[in-house]
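Written below as structure tokens is the structure these notes are about.
The values are calculated or read from the model by the stated rules, or taken from the named source; none is laboratory data. Just so it is clear, the structure is predicted and the values come from calculations on it, not from any experiment. A quick note on method: Cβ atoms are made from the backbone with ideal geometry, for glycine too, and the neighbour counts reach across all protein chains shown.
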Amino acid sequence: MTKLFKFVPIFLIAQFNSQAFADKACSPTNLFECYQESTKKINQLKTKIEELQKGNMTGQVIAFAGTDIPAGWLLCDGREFQQSQYPELFKVIKNIYGGNEAYTFKLPDYRGLFLRGMNGDRSDNLADPDKDNRKGGNKIGSLQFDEFMSHNHDYMVRGINSIFSHAGGTGWDWDAKGTTTNTGGKETRPKNIYVNYLIKY
């Protein structure tokens with residue numbers, strides 16, 4: 001398996017090398033230029049092979065338990081970059097998360113959020129019933145705020161009837177009314193633990 005794996009990249013590199021020379025129409029006057037172009041393509045291919053060996057692809061998002069961001073990854077914190085800084089990543093996410101379409105793009109900002117698979121055309125009982133009401137619609141990068149599912153509670157109100165009267169008066173009835181005190185926290189959430197979401201560039 002190891003020998004075969006080594007053979008495949010070499011074969012592909014040879015293909016890229018030949019194509020590079022073919023594209024440049026090499027001649028005795030531009031051999032050095034052809035060599036540079038060939039070397040560039042080989043290095044690009046080697047980078048792709050290394051990515052495949054690691055099992056990661058540009059635009060992939062992972063949950064990371066550390067604090068020091070490893071090389072080749074960016075924290076999903078909404079930062080804005082020039083498109084030329086991370087061209088491969090820009091090809092994948094484009095301006096889904098914002099930025100100037102002509103020059104810049106933004107990373108997704110997943111801080112403080114749970115991730116949810118895009119609903120798309122799913123329509124069974126596991127589908128997102130509010131898919132079209134999300135901020136950004138039913139597509140990648142849209143946002144949805146916290147909410148309770150519509151429900152009700154059974155309760156009982158006990159009326160307190162009292163009659164106040166005085167000589168010559170008719171009296172009146174009244175019921176006790178009021179509002180319960182607030183209980184609970186600041187949001188509705190399941191048990192959770194913090195991680196850093198990283199995106200491959």
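Tabulated data for the structure shown
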| item | result |
| --- | --- |
| Some residue of segment 34-49 being free of Cβ contacts under 8 Å to residues at least 24 places away in the same chain and assigned to a loop (DSSP other than H, G, I, E, B) | no |
| Among the residues listed as ARG158, ARG134, ARG122, the single one being farther than 30 Å from GLU50 by Cα, touching a Ser or Thr at 6+ places or on another chain (Cβ under 6 Å) and either modelled with pLDDT of 95 or more or outside the structural domain of LYS91 (by the TED database) (or both) | ARG134 |
| Extreme residue, modelled with the highest pLDDT, among residues of segment 1-37 that are closer than 30 Å to ILE199 by Cα and either small (Gly, Ala, Ser) or loosely packed, with under 12 Cβ neighbours inside 10 Å (or both) | ILE10 |
| Verdict on THR104 being more than 22 Å from ASN196 (Cα to Cα) and more than 14 Å from the chain's Cα centre (by Cα) | yes |
| Residue within segment 79-97 that is within 25 Å of GLY185 (Cβ to Cβ), surrounded by 12 or more Cβ atoms within 10 Å (Cβ to Cβ) and not basic (Lys, Arg) present | no |
